[in-house]
Amino acid sequence: MLGLEKFVINGGRPLVGEVTIGGAKNAAVAILPATVLAQGVCVIENLPSISDVNVSLRILAGMGVQISMVDKTTVRIDTTHLQPDAVPDDLCRQMRASYYFLGALLGRFGQAGVAMPGGCNLGPRPIDQHLKAFREMGAESGVENGRISLRAENGLQEAHIFFDMASVGATINAMLAAVRAQGTVILENVAKEPHVVDVANFLNTCGADVRGAGTDVIKIRGTQLMHGCEYSVIPDQIEAGTYMVGAALTGGNVLLRNVIPKHLEPISDKLEAAGASVEVLEDAIRVWRTGDILPVNIKTAPYPGYPTDMQALMGVLLSRAKGTSIITESVWESRFRYVDELARMGANVQVNGKVAVFEGVAELQAAPVRAPDLRAGAAIVMAALAANGVSEVDGIEYIDRGYENIVEKLTGLGADIRRVEFVQNNTVDQVV
Ligand code: EPU
């Protein structure tokens, strides 16, 4: 009976107005574990108010780290009394990014033990490349009782690591361990996402020597002491992209503040191809649409390619296009699960393996729908905002992992959306 929530959305209104984008989830959930490496106090600003950040902070607190909120988006973290053996397994299993505690603890203490990570179900999510990097730096790894353990008896050593694919997680995890290595670590075929660069910048602000983040090769000269610092997390590229799609889908006009337009280029480009207008300002971007939604083809790829985390959102937009669009998902195996939900709303989409063909329909209709994972959940919310009638979206705990104040932000743009608690028989109980 407890704790179930859903969104009730009365669709059909254009999103109009201004919205301020929060800090990047996928940078924040790496920078918080990275504070373990700094022997001192870190003050991290522009943290998004999302449940994945909350879980990261609770993992740190569980290890004896002193945490105090300076304000809603700023936290003070003191790792002086950190106990590396006290990593809370249950919390680590709740989120994917808990794997960053492996690299951070290994870097600082030469050993780490962390429960296998959880996270959205996007198909197989191996971490072989993370472990390969740790091993090449001299760590031994093992898995016992659902925990991954790492040990570098003689400290981490210099290494030249070639990744099999550009992995965000493996690149960041290898950086976290390597900043404290005895010698130079070179990482090749790395991920170039903005949050990879942000983590490198944070580490350098703490006294590390990381060069080349944002290119294909990262060179890290190990240092034995890293200090605390003040650091502000970059704005969230995907949260911004979500509201950009919302503006285009609903035929609205939205000014997004606190963004880095450069990070949004792959998203803006496809939105313009789909008939939206995009105006780039210094740290803001405006998106609007007055004409038809046009069909476009998209293939997801590591940055600067089209982000897989935007795929479902673009899918929803293209489900309303005037014509046929093809989306190829090349990063994750199971990222078309939202299509079944979209079909309930009248969309016409055929999925064959990694390829989905969208035959645009004139309208989407309201329906009871479910968020299958974080980004697909946000996409389904956007679909409900554009649909005629009242939709109910459950599974919203996924959405809360990565979108801060989504009800408040959408309401500020003129949407009719409420968060309600419900009991098992689906009767709406109370507005919360
Ligand atoms: N891969 C391997 N072995 C590895 C690591 C990755 O085979 O050791 C494969 C994966 O199976 C996948 C590809 O490499 O096919 C890329 O995976 P990557 O490691 O880049 O993904 P990740 O680090 O687990 C992060 C984001 C995801 C985002 C991807 C891709 C975090 C916490 N998560 O995941 O974000 O989709 O990069 O950009 O940073 C989200 O925010 O909703 C989300 C899922």
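Key figures for this structure:
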{"quantity": "One residue from Leu57, Leu105 being away from the ligand (no atom under 15 Å from the Cβ) and buried (at least 21 other Cβ atoms within 10 Å of the Cβ)", "calculated": "Leu105"}
{"quantity": "Hey, Thr223 within 16 Å of the ligand (Cβ to nearest atom), of a type in the set (Ser, Thr, Tyr) and modelled with pLDDT of 95 or more or not", "calculated": "no"}
{"quantity": "Test for Ala376: is it away from the ligand (no atom under 16 Å from the Cβ) and either over 26 Å from the mean Cα position of the chain (by Cα) or in contact (Cβ under 8 Å) with a residue 60 or more places away in the chain (or both)", "calculated": "no"}
{"quantity": "Some residue of segment 311-320 being within 16 Å of the ligand (Cβ to nearest atom) and over 22 Å from Leu364 (Cα atoms)", "calculated": "no"}
{"quantity": "So Thr171, is it more than 16 Å from the ligand (Cβ to nearest atom) and either in contact (Cβ under 8 Å) with a residue 24 or more places away in the chain or farther than 16 Å from Leu131 by Cα (or both)", "calculated": "no"}
{"quantity": "Residue satisfying condition, being buried (at least 22 other Cβ atoms within 10 Å of the Cβ) and modelled with pLDDT of 95 or more, within set Gly275, Gly315, Gly305, Gly291", "calculated": "Gly315"}
{"quantity": "Qualifying positions in segment 281-307 - within 16 Å of the ligand (Cβ to nearest atom), in contact (Cβ under 8 Å) with a residue 40 or more places away in the chain and either within 17 Å of Ala247 (Cβ to Cβ) or not in a strand (DSSP E or B) (or both)", "calculated": "Pro302, Tyr303, Pro304, Pro307"}
{"quantity": "Qualifying residue in segment 131-147 (condition: free of Cβ contacts under 8 Å to residues at least 24 places away in the same chain and polar (S, T, N, Q))", "calculated": "yes"}
{"quantity": "Residue tally, condition assigned to a loop (DSSP other than H, G, I, E, B) and not aliphatic (A, V, I, L, M), over segment 255-280", "calculated": "2"}
{"quantity": "Test: residue in segment 152-160 that is of a type in the set (D, E, K, R) and within 10 Å of the ligand (Cβ to nearest atom)", "calculated": "no"}
{"quantity": "Qualifying residue in segment 388-406 (condition: in contact with a Lys or Arg (Cβ under 8 Å, 6 or more places away or on another chain), assigned to a loop (DSSP other than H, G, I, E, B) and more than 16 Å from the ligand (Cβ to nearest atom))", "calculated": "no"}
{"quantity": "In segment 350-378, the residues that are assigned to a strand (DSSP E or B) and either surrounded by 22 or more Cβ atoms within 10 Å (Cβ to Cβ) or in contact with a Gly (Cβ under 7 Å, 6 or more places away or on another chain) (or both)", "calculated": "Ala356, Phe358, Gln365, Val369, Arg370"}
{"quantity": "Yes/no for Asp128 being under 27 Å from Lys25 (Cβ atoms), within 14 Å of the ligand (Cβ to nearest atom) and surrounded by 19 or more Cβ atoms within 10 Å (Cβ to Cβ)", "calculated": "no"}
{"quantity": "Scan of segment 235-254 for residues that are surrounded by fewer than 22 Cβ atoms within 10 Å (Cβ to Cβ) and on the phi < 0 side of the Ramachandran plot, ordered by number", "calculated": "Asn253"}
{"quantity": "Subset tally (residues that are in contact with a strand residue (DSSP E or B) (Cβ under 9 Å, 6 or more places away or on another chain) and within 16 Å of the ligand (Cβ to nearest atom)) for segment 73-99", "calculated": "5"}
{"quantity": "Complete set of residues in segment 185-218 that are touching a Gly at 6+ places or on another chain (Cβ under 7 Å) and surrounded by fewer than 16 Cβ atoms within 10 Å (Cβ to Cβ)", "calculated": "none"}
{"quantity": "Flag for Ala133 being buried (at least 20 other Cβ atoms within 10 Å of the Cβ), at pLDDT 95 or above, over 29 Å from Ser232 (Cβ atoms) and not hydroxyl-bearing (Ser, Thr, Tyr)", "calculated": "no"}
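Rundown of residues vs (1) of a type in the set (A, V, I, L, M, F, W, C); (2) farther than 21 Å from Leu318 by Cβ, yes/no style:
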position: Ala362; (1), (2): yes, no
position: Pro372; (1), (2): no, no
position: Gly377; (1), (2): no, no
position: Met382; (1), (2): yes, no
position: Ala387; (1), (2): yes, no
position: Val390; (1), (2): yes, yes
position: Gly395; (1), (2): no, yes
position: Asp400; (1), (2): no, yes
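The values are calculated or read from the model by the stated rules, or taken from the named source; none is laboratory data. The structure displayed is predicted, hence computed values, not measured ones. Because the Cβ atoms are built from the backbone with ideal geometry, glycine has one as well, and the counts that use them run over all protein chains shown.
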